[in-house]
1. What percent of all Cα-Cα pairs in the stretch 13-96 falls in each 5 Å bin, counting up from 0?
2. Any chance you could give the angle, 0 to 90 degrees and rounded to 10, that helix 16-26 forms with the longest Cα principal axis of the chain?
Amino acid sequence: MAKPLPLKVKDEYLPPELAQLRQQIEALPRSIRDQMLPLCDRVTHFLHLQGRLFEVAQETVDRLQLDVNYLAFDLDCTRKERDDAVDELENLTEGDR
């Protein structure tokens, strides 16, 4: 018989139907309950991991978007500095003629 996983799971990742399923499994006879609860616990664990992975992926995408915005700003500033330097250089060379 599989042992239940020790769980400290946030309910925010879990559908309410899973809690209902667990309640119904707990109402079953002991022989069936002992087989079903570890499976329910594994599903709960995997759903929690899936929710956490999605959260981490979303944070990564948000950070990437912020980094892209910073890079775009930096690129615009660099282009402006380059254009200003080219204009200044052209003005200097025109003054030497």
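1. Result, from short to long distances: 3, 12, 11, 10, 7, 6, 7, 5, 6, 5, 5, 4, 4, 4, 3, 3, 2, 1, 1, 0 percent.
2. 20
Each value in this text was obtained by applying a stated rule to the coordinates, not by laboratory testing. What you see is a predicted model, and the numbers here were worked out from it, not measured in a lab.
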